[in-house]
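Engineer: The structure that follows is given in the form of structure tokens.
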Amino acid sequence: MSVALYRLARWCYQRRVLVLVVWLVAVAGIVTLALVSGGKTTDSLTIPGTESQQLASLLEKKLPAAAGASTQVVFGVKSGEVTDASNRQAIENAVANLATVPQLAGVDDPFKGKSISPDGTVALATVNYTAAAGDVKSSTLDKLAPAVAAARAAGIEVEFSGDVYPGASSGAGSAELIGIGVALVILIVTLGSFLAGGIPILTALFGVIISIMGMTALAAVTDIASAATTVGLMLGISCGIDYALLILSRHRNYLVEGHDPEEAAGRAAGTAGSSVVFAGLSVVIALCGLVVVGIPFLAVMGLAAAGAIVIALLVALTLLPAAFGFAGMRVARFSRLPLLRRARPATETAVGGPENLTGTHWAGWVVRHRVPILITGVLMLGVVALPITKMDLGLPGASSRPTSDTSRRAYDLTTAHYGAGYNGALTVVAESATTQAQASQLASVLVKVDGVASASVRIVTNGIAVIEVVPTTGPNDRATKDLVHRLRNGRAAIEGTTGTTMLVGGKTAADIDVSAKLGSALPLFIIVVAGLAFLLLTFAFGTILIPIKSIIGFLLSMGAALGAEVAVFQWGWLAGLLGIDKTQTLSFLPVILIAIIFGLSSDYEVFVVSRIKEHFSRHGDALQAVITGTGQSARVVTAAALIMTSVFAAFLLTNDPIIKAIGFSFALGVLLDAFVVRLTLVPAVMAIIGARIWYHPAWYGKYVPDPDIEGEHLVERLHVMGGAEGQPATV
């Protein structure tokens with residue numbers, strides 16, 4: 001592989017203009033396709049086979065008007081009651097205006113439906129659409145605010161919530177810009193050069209634009225969760241920059257050693273590029289592993305994010321060498337600013353030799369105190385992981401959004417004047433209920449169930465009855481989940497009393513079903529990911545001890561990241577500092593976090609251990625190899641981890657609690673895995689085990705090919721040729 005990458009890099013270097021044009025055409029083409037397709041991601045997460053999905057399918061078949069998305073409009077008056085003549089007239093005019101919105105199935109008038117709060121100060125109207133949430137156009141939602149403008153002008157407070165609503169912005173755009181800005185600063189300081197620091201950012205942007213626009217285009221033909229674009233954006237930026245950084249740092253190292261730019265580009269791709277390919281493929285395999293969970297939206301999310309990594313890899317292996325061609329020797333020059341002159345040893349060797357690298361001093365300290373460091377590190381990560389035992393999976397709702405969000409204000413108004421349960425009403429569909437009397441009988445039975453505040457018949461038609469069941473507790477409360485299970489478990493008695501068959505669903509029940517399915521899938525997914533890690537790293541390093549060590553480290557860092565997420569988002573620790581409200585742990589976060597942390601931990605494992613193996617292969621001194629290899633990889637791993645952390649952490653500035661949870665857990669997981677596990681516990685363990693860690697059965701080397709991720713084969717062939725000036729065709 002190293003020889004092939006060497007040839008590819010030199011080819012791209014020589015034909016840099018052509019390579020750049022090809023990538024520019026790719027960007028223009030995918031952007032055009034995305035704009036023409038009109039694709040739109042969705043926040044509606046469903047799982048086939050669950051009861052809530054069965055209910056949705058039944059409604060779609062027998063009552064399509066009730067199967068579409070909806071927006072709840074909350075009208076509140078500060079003085080008097082909503083039934084006062086002036087207030088009622090303003091609200092009725094607003095409802096009439098809402099009835100003109102496109103894609104409309106109908107509007108539930110609060111006065112006709114008697115959706116007035118007991119104190120008479122709040123009224124609820126529901127806008128029902130003919131389309132599912134992901135198919136409701138932005139232009140449709142944009143017409144909601146103008147429709148109620150006159151009511152607002154009359155002094156009535158109007159807020160929106162529901163499946164879809166206007167103004168649902170996460171602020172992710174500003175977050176990604178902040179993350180890129182911080183990454184640029186880290187790169188400039190690390191590399192000591194404005195030019196060198198800008199190249200990884202520029203090349204990563206090519207990959208990110210193609211990935212995100214590609215997801216947008218695909219959203220026109222298949223359902224793609226909104227969180228998928230967020231995950232793809234995070235990974236595309238961070239991995240794109242990191243892969244470029246690793247190759248760039250090695251390229252600069254070869255330039256400093258005296259190689260010409262073209263040869264340095266080829267060597268960098270053949271050595272560091274091999275590690276990048278292997279590290280990238282580990283992330284791709286982990287993300288594709290989400291398919292085995294058996295949840296469609298999660299499988300699409302994993303495949304979409306894996307596509308973003310593949311594109312980042314292709315950019316790093318082709319566009320980056322072309323960029324080296326445009327930059328020439330300038331990429332090895334250091335900026336003259338005093339702050340950046342201190343970062344002058346920005347390659348993998350320092351003045352006076354590798355022993356003077358800061359990372360080498362750190363590695364030496366770790367090796368000298370390896371036993372207490374190992375014990376302390378494992379205990380620390382174990383303690384941070386303890387909150388996992390109290391993890392409560394769910395989908396954060398409006399209650400966890402900031403008060404600047406209209407859905408949060410709607411939630412608070414509804415809770416204050418109706419009760420929290422009105423924010424998460426359940427839908428019960430009864431088959432064989434052909435009359436209003438049968439439906440009313442079922443509603444009278446349901447209202448007697450513990451935890452039910454009210455039950456009202458919405459519609460009876462086509463052999464089914466739709467009943468709205470309002471819990472006494474909010475949609476994210478544990479008691480509401482218990483109520484859903486109580487209704488389903490007591491189905492036989494209820495059906496026997498009323499002579500109907502019923503299904504319990506709705507958005508709140510669907511969220512509960514999704515969380516339950518994801519929770520049950522976790523053990524299988526952990527086994528699959530751990531098995532993949534074992535096979536992948538065994539193939540890479542030809543030893544079984546390295547993958548075992550890596551898997552244990554991965555489980556520690558992943559567990560600590562999830563434990564901290566539970567403490568912060570579920571228990572509310574540091575909630576005020578981060579601007580969040582207590583809520584459930586995001587249901588699909590553990591699965592996606594396992595995939596991401598596995599992939600990134602494999603990245604850092606490959607970066608560090610490949611350098612250690614490279615030195616051990618040369619002189620056979622296990623302890624010195626750990627010190628030197630860790631020291632030479634510490635700088636680039638530190639920069640890469642800080643870049644990933646800054647990109648992920650920037651998403652804490654958004655308003656969306658889901659994106660906040662993803663950003664926090666990803667950022668903390670990367671920090672813990674890079675600095676605590678890979679740069680501390682890994683060298684400590686390898687120093688304790690010594691040369692035995694490279695043991696493998698005799699048959700292994702005979703039957704399993706060497707992937708050469710350290711580029712040793714390339715170096716040997718270049719050395720035989722007399723110094724690396726050979727042409728690609730002969731290497």
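Read-outs throughout are calculated quantities, based only on the coordinates presented, and are distinct from any laboratory measurement. Just so it is clear, the structure is predicted and the values come from calculations on it, not from any experiment. Glycine gets a Cβ as well: all are built from the backbone with ideal geometry, and neighbour counts include every protein chain shown.
Engineer: Find me the longest stretch of the chain that has none of the exposed trypsin sites (Lys or Arg not before Pro), where exposed means in a DSSP loop (not H, G, I, E or B) with at most 12 other Cβ atoms within 10 Å. Intermediate values should be presented prior to the final figure.
Structural biologist: Details: sites that count: Lys78, Lys112, Lys114, Arg336, Arg342, Lys448.
With trypsin sites (Lys or Arg not before Pro) excluded where exposed in loops, the chain gives 449-731 as its longest stretch.
Engineer: Also: Calculate the dipole size of the chain relative to its Cα centre from +1 charges on Lys and Arg beta carbons and -1 charges on Asp and Glu beta carbons; express the result in debye to the nearest 20.
Structural biologist: Its charge dipole is roughly 1180 debye.
Engineer: Output needed: percent of Cα pairs per 20 Å distance bin for the chain, bins running from 0 to the one holding the longest distance.
Structural biologist: 16, 44, 27, 12, 1
Engineer: Work out the P(r) tail for region 1-73: percent of alpha carbon pairs separated by more than 18 Å, whole number.
Structural biologist: Everything past 18 Å amounts to 70 percent.
Engineer: Let me ask something else. Which pairs in the list Lys507/Lys582; Lys61/Lys114; Lys78/Lys137; Lys143/Lys481; Lys390/Lys448; Lys78/Lys114 are over 26 Å apart, alpha-carbon to alpha-carbon? Present the calculation step by step, with values, prior to reporting the outcome.
Structural biologist: Details: Lys507/Lys582 20 Å; Lys61/Lys114 28 Å; Lys78/Lys137 33 Å; Lys143/Lys481 35 Å; Lys390/Lys448 31 Å; Lys78/Lys114 20 Å.
Pairs exceeding 26 Å: Lys61/Lys114; Lys78/Lys137; Lys143/Lys481; Lys390/Lys448.
Engineer: Could I ask something else about it? Could you tell me the center-to-center distance, by alpha carbons, between region 486-504 and region 547-572 in angstrom?
Structural biologist: One Cα centre to the other: 41 Å.
Engineer: Got a sec? Charge dipole of the chain, +1 on Cβ for Lys and Arg, -1 for Asp and Glu; which of Ala493, Ala634, Val221 is way out at the positive end?
Structural biologist: Result: Ala634.
Engineer: Scan the chain and report its longest stretch carrying no chymotrypsin sites (Phe, Trp or Tyr not before Pro) that are both in a DSSP loop and have at most 13 other Cβ atoms within 10 Å.
Structural biologist: The longest such stretch corresponds to 1-570.
Engineer: Fewest first, what order do Asp260, Asp450, Asp108, Asp656 take by the number of other Cβ atoms within 10 Å?
Structural biologist: Ranking Asp260, Asp450, Asp108, Asp656 by Cβ neighbours within 10 Å, fewest first, gives Asp450, Asp260, Asp108, Asp656.
Engineer: Sticking with this structure for a sec: For the chain, with the dipole built from +1 on Lys and Arg beta-carbon atoms and -1 on Asp and Glu ones, taken about the Cα centre, which of Ala204, Ser610, Ala530 lies farthest toward the positive end?
Structural biologist: Ranked along the dipole, the leading option is Ser610.
Engineer: Using the Kirkwood radius built from alpha carbon pairs, what does the Stokes-Einstein equation give as D for region 67-162 at 25 °C and 0.890 mPa s, in µm² per second?
Structural biologist: In µm²/s, the coefficient is 184.
Engineer: Taking only the Cα atoms of region 426-505, how large is their convex hull per residue, in Å³?
Structural biologist: Measuring per residue, one finds 70 Å³ for the Cα hull of region 426-505.
Engineer: While we're here: For n ≥ 4 DSSP H runs only, could you compute -39500 (n - 2.57) per run for the chain, divide by its residues and tell me the 222 nm figure to the nearest 500?
Structural biologist: Result for the chain, helices only: -19500 deg cm²/dmol.
Engineer: Let me ask you something else. Share of Cα-Cα pairs in region 581-686 beyond 16 Å, in percent?
Structural biologist: Percentage above 16 Å: 60.
Engineer: About the Cα centre of region 105-264, what is the dipole size in debye to 20, counting +1 per Lys and Arg Cβ and -1 per Asp and Glu Cβ, all else neutral?
Structural biologist: 320
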